[in-house]
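**Q** Dropping a structure here in structure tokens format, bear with me for questions.
Bear in mind that the values in this text are calculations on the coordinates, not laboratory data. On a predicted model such as this, the values are computed, not experimentally measured, just so you know. For neighbour counting, all protein chains shown are included, and Cβ atoms are generated from backbone atoms with ideal geometry for every residue, glycine included.
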Amino acid sequence: MNKWQSTLVIVLVLVGLVAGAKIYLAPKKAQINIQTARAKGNPQARVKIVEFIDFQCPACAYGMKFLKTFIGQHPDDIYVQVRYFPLTNMHHHAMISALYSECAARQGKFWELEDLMIPQQGQWAQLISPEPVFQAMAAQVGMDINQLNSCLASDDARKVINDEKALGQSLGIASTPTYFINNKMVVGVKSLQDELKTYFPN
Amino acid sequence: MYLVLRIVIGGIFIFSGLSKVLSPYQNFLYIIQDYQLLPSWGEVLTAQLFPWIELIVGVFVFLGLWTSWGLRGALVLSGIFVVVVGQALIRGLSLENCGCFGGWVHLKPQAVIVLDSASLLLTSLMLRNISLTKKISLDSYFEKA
């Protein structure tokens, strides 16, 4: 075999091996479970979005604000479900903010808490401990504080968050925000906006 | 020494390319968008093609096959990284992660500039001493055959 032939073989083997590995490791499709307190919009909507976020991630905050406005403009056409993907190696308050959100969801106050947590992200993200702020927010939205604290102390909420992060990783997620729009993966708000334009050209 | 350098530089490019190729391209696309350099179609094309180019250049350098061309490819890639990351830093763009190794390794942009500048230097050195760089390589095998 001469050098050119060897080169061709090496490239073909390389591409074949890597492509094979890619297929073998291919993420599974995101399934939307509509039985969740972390969803809003029309469950029968033609556009269903599963959103994996880290509550301390600035881009996620921007994405949530954008989606809130977008749902307001297209209330019957969008369904959004939030899943947890705390980037604990980068954001010190990623887990605690997710825990408060999950505990709020268990009291049916997920969106009310997010309406306070997201706009104030810039402030609480700088704190050594954001818990006093989150406790105040929880009281403000009418949560049962005893129930909240029991939830925070239990392992169950943390398990839900960790399970959703593991699910996200199995779907190939590496960054937040990551969205699955009718099962198509897009990462970041720019790609989200580009993809939504294909459904809502005007 | 040049053999070790070649293997290390080739290995880094293989690792860099593989980390992106094995992950959904959308993850690398997100990183590219942060650099705000290309139009949308350019960003998608880069996200899908660039990792493969890195991987193939890495393999060629690692194996010492078409070594001069592989090293020139590595030089160009390293130069591109330095320019792209440098312009982002100059423009004050917010980059938490350079995206160089997909989601496998997170490097601050400043570290990337240092790493890729070193890669430029070392690759140039190898090109200048190509006969030593090719001492144990597929190229030398085919030259003897």
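**Q** Report the local net charge at A:GLY41: Lys and Arg +1, Asp and Glu -1, summed over other residues whose C-beta lies under 13 Å from its C-beta.
**A** After counting each charged neighbour, the total is +2.
**Q** Within a 10 angstrom radius of the beta carbon, how do A:ARG46, A:ARG106 rank from fewest other beta carbons to most?
**A** A:ARG46, A:ARG106
**Q** Ok, one more. Placing +1 at every Lys and Arg Cβ and -1 at every Asp and Glu Cβ, with all other atoms neutral, what dipole size does the protein assembly as shown have around its Cα centre, in debye to the nearest 20?
**A** Dipole magnitude for the protein assembly as shown comes out near 1040 debye.
**Q** By per-residue mean of other Cβ atoms within 10 Å, what is the highest-first order of A:180-187, A:164-171?
**A** A:180-187, A:164-171
**Q** Just order B:46-55, B:11-20, A:49-58 by mean Cβ neighbour count inside 10 Å, highest at the front, would you?
**A** Per-residue Cβ counts within 10 Å, averaged per peptide and sorted highest first, yield A:49-58, B:11-20, B:46-55.
**Q** Just the number: Rg to Rh for the protein assembly as shown, Cα atoms, Kirkwood Rh, two decimals.
**A** On the way: Rg = 23.8 Å, Rh = 22.4 Å.
Answer for the protein assembly as shown: 1.06.
**Q** Further, regarding this structure: If you consider only alpha-carbon coordinates, what radius of gyration and Dmax does the range A:61-105 have, in Å?
**A** Values for the range A:61-105 (Cα only, Rg and Dmax): 13.0, 38 Å.
**Q** What ranking, highest mean first, results for peptides A:112-119, A:15-22 when packing means the other Cβ atoms within 10 Å averaged over each residue? Before the final figure, lay out the partial values.
**A** On the way: A:112-119: 18.9, A:15-22: 12.4.
Taking the mean over residues of other Cβ atoms within 10 Å, the ranking is A:112-119, A:15-22.
**Q** Using 7 Å Cα-to-Cβ label points, what is the B:TRP52/A:ARG106 separation (nm, one decimal)?
**A** According to this spin-label approximation, the distance is 4.8 nm.
**Q** Another question, if that's okay. Between B:PHE142 and A:SER129, what is the label-to-label distance in nm when each label sits 7 Å out along the Cα-to-Cβ direction?
**A** According to this spin-label approximation, the distance is 6.5 nm.
**Q** Another question, then. Using the beta-carbon distance between A:GLN193 and A:MET90 and R0 = 30 Å, what value does 1/(1 + (r/R0)^6) give for FRET efficiency, to the nearest 0.05? Each step should come with its number before you reach the end.
**A** Details: r = 24 Å, r/R0 = 0.79.
Computed FRET efficiency for A:GLN193 and A:MET90: 0.80.
**Q** Separate question: Would you list A:MET1, B:MET126 from fewest to most Cβ contacts within 10 Å?
**A** By the 10 Å Cβ count, ascending: A:MET1, B:MET126.
**Q** Pop out the ³J(HN,Hα) list for the range B:78-91 in order, Karplus 6.51 cos²θ - 1.76 cosθ + 1.60 with θ = phi - 60°, rounded to Hz; leave Gly and Pro as x.
**A** After applying 6.51 cos²θ - 1.76 cosθ + 1.60, I find 4, x, 4, 4, 4, 5, 5, 5, x, 5, 5, 5, 5, 7 Hz.
**Q** Compute the separation of the alpha-carbon centres of the range B:38-55 and the range A:161-178 and state it in Å as a whole number.
**A** Spelled out, the Cα-based centre of one part sits 24 Å from the other.
**Q** Hey, another quick one. Can you pick out the pairs among A:LYS68/A:LYS109; A:LYS68/A:LYS190; A:LYS48/A:LYS159 whose Cα atoms lie more than 18 Å from each other?
**A** A:LYS48/A:LYS159
**Q** Right, something else. Other chains' Cβ within 10 Å of A:184-191 residues: what's the mean?
**A** Mean partner-chain Cβ count within 10 Å for A:184-191: 5.
**Q** Right, next: How much net charge surrounds B:TYR2 when only the other residues with a Cβ under 11 Å from the Cβ of B:TYR2 are counted, with Lys and Arg +1 and Asp and Glu -1?
**A** +4
**Q** Checking the cross-link filter: which lysines have an alpha carbon closer than 30 Å to that of A:LYS3, excluding same-chain neighbours under 8 positions apart?
**A** Counting by Cα, and skipping residues close in sequence, A:LYS3 has these lysines nearby: A:LYS22, B:LYS20, B:LYS134, B:LYS135, B:LYS144.
**Q** Continuing with this model, one more query. Test of understanding: ordering A:CYS60, A:CYS151 by Cβ neighbours within 10 Å, fewest first, what list do you get?
**A** Working: A:CYS60 26, A:CYS151 21.
Ordered by Cβ neighbours within 10 Å, fewest first: A:CYS151, A:CYS60.
**Q** Additional query: Across the residues of A:13-21, average count of Cβ atoms on other protein chains within 10 Å? Before the final figure, lay out each step's value.
**A** Numbers: counts 1, 7, 4, 0, 0, 8, 1, 0, 3.
That average works out to 3.
**Q** Check cross-link reach from B:LYS108 to the aspartates and glutamates: straight Cα distance under 13 Å, and skip same-chain residues fewer than eight apart.
**A** B:GLU96, B:ASP116
**Q** Using 7 Å Cα-to-Cβ label points, what is the A:LYS65/B:ILE7 separation (nm, one decimal)?
**A** Result: 5.2 nm between the two label points.
**Q** OK, next. In peptide B:129-142, what is the residue-averaged number of other protein chain Cβ atoms found within 10 Å of each Cβ? Mind dumping the intermediate values first?
**A** Working: counts 0, 0, 0, 0, 0, 0, 0, 0, 0, 4, 1, 0, 2, 6.
That average works out to 1.
**Q** Name the residue farthest towards the positive end of the dipole of the protein assembly as shown from the options B:ILE53, A:GLN81, A:LEU148, assuming +1 on Cβ of Lys and Arg, -1 on Cβ of Asp and Glu, about the Cα centre.
**A** B:ILE53
**Q** OK, next. Got a sec to turn the phi values of the range B:16-32 into Karplus ³J(HN,Hα) couplings, 6.51 cos²θ - 1.76 cosθ + 1.60 with θ = phi - 60°, whole Hz, x for Gly and Pro?
**A** 4, x, 4, 4, 8, 5, 7, 9, x, 4, 4, 5, 6, 4, 4, 5, 4
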